[in-house]
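Colleague: Below are the C-alpha cells for one structure; questions will follow.
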Amino acid sequence: MSSVIDVENLSKKYVIRHQAKAPYNTLRDEMATSVSRWGKKILSPFAGRQGMNHTREEFWALKDVSFDVKPGDRVGIIGRNGAGKSTLLKILSRITEPTKGRVRIKGRVASLLEVGTGFHPELSGRENIYLNGAILGMTKAEIKSKFDEIVDFAEVEKFLDTPVKHYSSGMYVRLAFAVAAHLEPEILIVDEVLAVGDSVFQKKCIDKMLEVGKKGRTVLFVSHNFSAVKALCEKAILFKEGRIFFSGDVQEAISRFAEESHLSGREIDLSNLRRKGYARELIFEKIVFLNYPIFFGDPIRFKLKLKSTGNKHHFSDVDFGIAINDRNNNTIIHCSNRFLNINIEHVSDTYEYLFDIKNIMKPDAYYLTLFLRNKDVIQDWLSNVVKIEIEDGNPYKFSDTKQIQGAILPLFDIASVPDTK
C-alpha cells in the first residue's frame, strides 16, 4: 500500500539572535544609546548595524527525520516540549518550509494546530466555515451539505453569526475541530490544542477522530494526554531533541518516553532546565526528597526551593504545588498551598518549603509536575519532569501488591456483622 505521507531526511533550522545589553537600563542610558545610534547612522549607513552587539545561535528543531504513514493510519506523536513535534506538523501543513529534506503528501490536509489557526477574526463563524471549506478545495454545495453537522458538533449555533474574535478559546476550538473533521480531508492533523476544551468535548473529538480513521482517512495526533493517545492511535512516534527516538507500538513509545525523559534521585537541580514561556521571575531551583527510596505506604516528604532570577526578591500571594501523574499522564494527586488557605509571601531565596503527603499509591512509577504562580501570573511550570518510584512495601500485610487494581489503595476495613434477625 502506498504512503499518503512520506518524509525523507527532514530538517528545520532556526537562527536565534541575541542582543547583548544590560537587563535593566535607566531612562538616561536608553536615551544616550538611542542618540549614539542615530549619530552613527548619519555618519555611516552601516554603522548602526555594526554597532549592535549581536550573537547568532543555530537551533535545529528537526534533524534528519524520516518516516511514512499509510492511508487510514492513526499515529500519535509524543515527546517533551521543544522536541520538534509542532515544527513537524507545521511543515506537514505547509505553514513552514523545511531547511533540508522533503515531504510528499497525497490528499487534502486539514490542520488544527493553534487556537484560531485558519480563521479570520473579523468574519462570523458561518463565514469561516465556508472560508475553510474553500481553502480545502470543496465546492459551496459540498460545504452546505456538511454545514448542519458542523454546527451541531461545535454547539455554537447561538453565536454562528458573531465574529469569531469574540469567541472564547473553547468556542474557537470546538468550531475549528468541527470544521476540520467534517469537511472530509484525507489527512487530519491535530496538535495539543484540544487540551483547551473540557473533558466531555475531548472525548467527543477522540470519538470523531476514530470515526474518521475507520473511514480510511489518516490522523496525526500530538498530545501529552497519553490516555487519549492510547485510545485513538494504533502506533506512535517518540521525538527527542528534534530526532525520532522510537517509532512503533503506542504503549512501548509511552514507556520509553517515561524512562528517557525524566529526572530522578534524592536531590534534583531544577534551575537549569529548559523552560518555555511564562514569566520566570521566580522559578523552582531544586527538590530534595527526605525519605528516599519511597516504599509502599510511606509518606512522600520533600522540600522545594525557589529562586528569583532578577532584581525582584519579594513576591506576595504565591501559589505553588505539585501534581503526581501516572504513566498515562492521569493526575493521581494534586497539592497546593491554596487548597490549605495558606498565603505564602516569598521574601528570601533561602526559604525552603516542606511537603508531607500521605501516600496510598500502589508500587509503580509516577511523575511530578510543578507549578508556580504569583498573583495569578504563571511564573514557572515544569511538566512531568521528576520521576519517583514507589517501591514494594507491606503496610496492609498483603504480600502481592501486583494484584492491586487502580492507582491507589485507600485505608479500609472489612468486618463480619452478625445477623440480628
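Colleague: Output the peptides 74-87, 405-418, 319-332, 340-353 sorted from most to least packed, where packing is the average of other Cβ atoms within 10 Å over each peptide's residues.
Modeller: Details: 74-87: 22.6, 405-418: 8.0, 319-332: 18.4, 340-353: 11.6.
Peptide ranking by packing, descending: 74-87, 319-332, 340-353, 405-418.
Colleague: Quick query: amide H of K70 versus all other amide H atoms, modeled in the peptide plane; which residues come in under 5 Å with a sequence gap of 5 or more or a different chain?
Modeller: V4
Colleague: While we're on this one: If you roll a 1.4 Å probe over region 51-154 with all protein chains in place, what percent of the accessible area is carbon or sulfur?
Modeller: On the way: 2540 of 5270 Å².
Looking at region 51-154 in its full context, I get 48 percent from C and S.
Colleague: What is the antiparallel percent of DSSP beta bridges lying wholly in the chain, to the nearest 5?
Modeller: Details: 65 of 84 bridges.
For the chain, the DSSP antiparallel bridge percentage is about 75.
Colleague: Pairs K286/K397; K303/K358; K90/K215: which exceed 27 Å Cα-Cα? Display every interim value, and only then the final one.
Modeller: Values: K286/K397 35 Å; K303/K358 15 Å; K90/K215 25 Å.
The answer is K286/K397.
Colleague: Check every DSSP H run in the chain and write down those whose alpha carbon atoms cover 18 angstrom or more along the long axis and whose mean Kyte-Doolittle hydropathy is -0.5 or greater.
Modeller: Values: long enough: 27-43 (24 Å, -0.44); 140-154 (20 Å, -0.27); 169-182 (20 Å, 0.99); 199-214 (23 Å, -0.21).
In the chain, the long hydrophobic H runs are 27-43, 140-154, 169-182, 199-214.
Colleague: May I ask you to work out the translational diffusion coefficient for region 60-112 at 20 °C, viscosity 1.002 mPa s, via Stokes-Einstein with Rh from the Kirkwood sum over Cα pairs, reported in whole µm²/s? Kindly include the intermediate steps, with their values, before the conclusion.
Modeller: Details: Rh = 12.4 Å.
After rounding, the answer is 173 µm²/s.
Colleague: Moving on. Tell me which residues come under 5 Å, amide H to amide H, from I333 once H is placed; ignore anything under 5 positions away on its chain.
Modeller: I324
Colleague: Extension gain S66-D392, at 0.36 nm per residue separation less the Cα-Cα distance, in nm? The partial results should precede the final answer.
Modeller: Details: separation 326, 0.36 × 326 = 117.36 nm, distance 4.16 nm.
Separation in residues times 0.36 nm, less the Cα-Cα distance, equals 113.2 nm.
Colleague: Among N394, F226, V173, pick out the residue whose Cα is farthest towards the positive end of the charge dipole of the chain, where Lys and Arg carry +1 and Asp and Glu carry -1 on C-beta, about the Cα centre.
Modeller: Checking the options against the dipole of the chain, the answer is V173.
Colleague: Cα gyration tensor of region 141-183, axes a ≥ b ≥ c as square roots of the eigenvalues: rounded (a/c below 1.5), prolate (a/b > b/c) or oblate?
Modeller: Values: a/c = 2.11, a/b = 1.62, b/c = 1.30.
Note, shape of region 141-183 comes out prolate.
Colleague: So, R0 is 51 Å and r is the distance between the beta-carbons of R280 and A141; what FRET efficiency does that work out to, to 0.05?
Modeller: Numbers: r = 52 Å, r/R0 = 1.02.
Using R0 = 51 Å, I get an efficiency of 0.50.
Colleague: Rounded to a whole number of µm²/s, how large is the Stokes-Einstein D of region 156-242 at 4 °C and 1.567 mPa s, given Rh as the Kirkwood radius over C-alpha pairs? If you can, show how the numbers build up before the last one.
Modeller: Details: Rh = 14.0 Å.
D = 92 µm²/s.
Colleague: About the Cα centre of the chain, what is the dipole size in debye to 20, counting +1 per Lys and Arg Cβ and -1 per Asp and Glu Cβ, all else neutral? Provide the component values of the computation, followed by the final result.
Modeller: Values: 61 positive and 54 negative charges, 322 e Å.
Approximately 1540 debye in magnitude.
Colleague: Give K144/K203; K70/K203; K63/K214; K85/K204 a once-over and call out the pairs whose C-alpha atoms are over 30 Å from each other.
Modeller: Numbers: K144/K203 26 Å; K70/K203 25 Å; K63/K214 32 Å; K85/K204 24 Å.
Those over the limit are K63/K214.
Colleague: Name the residue farthest towards the positive end of the dipole of region 239-301 from the options P293, S255, I244, assuming +1 on Cβ of Lys and Arg, -1 on Cβ of Asp and Glu, about the Cα centre.
Modeller: I244
Colleague: Let me ask something else. If you take the Cα atoms of the chain, find Rg, then find the Kirkwood Rh from the mean of 1/r over all pairs, what is Rg/Rh? If you can, show how the numbers build up before the last one.
Modeller: Details: Rg = 26.0 Å, Rh = 25.2 Å.
My calculation of the ratio gives 1.03.
Colleague: Same structure again: How long is the gain from R243 to K203 if the chain were fully straight, where each residue apart is worth 0.36 nm and the alpha carbon distance is subtracted?
Modeller: Working: separation 40, 0.36 × 40 = 14.40 nm, distance 3.01 nm.
Gain in length upon complete extension: 11.4 nm.
Colleague: How much of K235 can a 1.4 Å solvent probe reach, expressed as accessible area in Å² and rounded to 10?
Modeller: Near enough 80 Å² of accessible area.
Colleague: Please turn the phi angles of region 56-73 into ³J(HN,Hα) values with the Karplus equation 6.51 cos²θ - 1.76 cosθ + 1.60 (θ = phi - 60°), one per residue in order, whole Hz, x for glycine and proline.
Modeller: With the stated coefficients, region 56-73 comes to 10, 10, 8, 10, 8, 6, 9, 9, 6, 9, 9, 5, 9, 10, 8, x, x, 5 Hz.
Colleague: Now for a separate question. Taking the Cβ of K63 as the center, what net charge do the other residues with Cβ under 12 Å away carry, scoring Lys and Arg +1 and Asp and Glu -1?
Modeller: Values: positive: K12, K13, K100, K240, R243; negative: E58, D64, E241.
Taking every Cβ under 12 Å from that of K63, the sum is +2.
Colleague: Could you provide, to the nearest whole Å², the per residue accessible area of the chain with probe 1.4 Å? Before the final figure, lay out each step's value.
Modeller: Working: 23060 Å² over 421 residues.
The answer is 55 Å² per residue.
Colleague: Let me ask another. Which whole number in µm²/s is D for region 81-150 by Stokes-Einstein, with the Kirkwood Rh taken over Cα pairs at 4 °C and 1.567 mPa s? Kindly include the intermediate steps, with their values, before the conclusion.
Modeller: Values: Rh = 14.1 Å.
Value of D from the Cα-based Kirkwood radius: 92 µm²/s.
The values are calculated or read from the model by the stated rules, or taken from the named source; none is laboratory data. Since we're looking at a predicted model, the values are computed, not measured. Neighbour counts are summed over all protein chains in view; Cβ atoms, including those assigned to glycine, are modelled from backbone coordinates with ideal geometry. Ligands, DNA and RNA are excluded from the accessible area calculation, which covers all protein heavy atoms including side chains. Shrake-Rupley method; radii C 1.70, N 1.55, O 1.52, S 1.80 Å.
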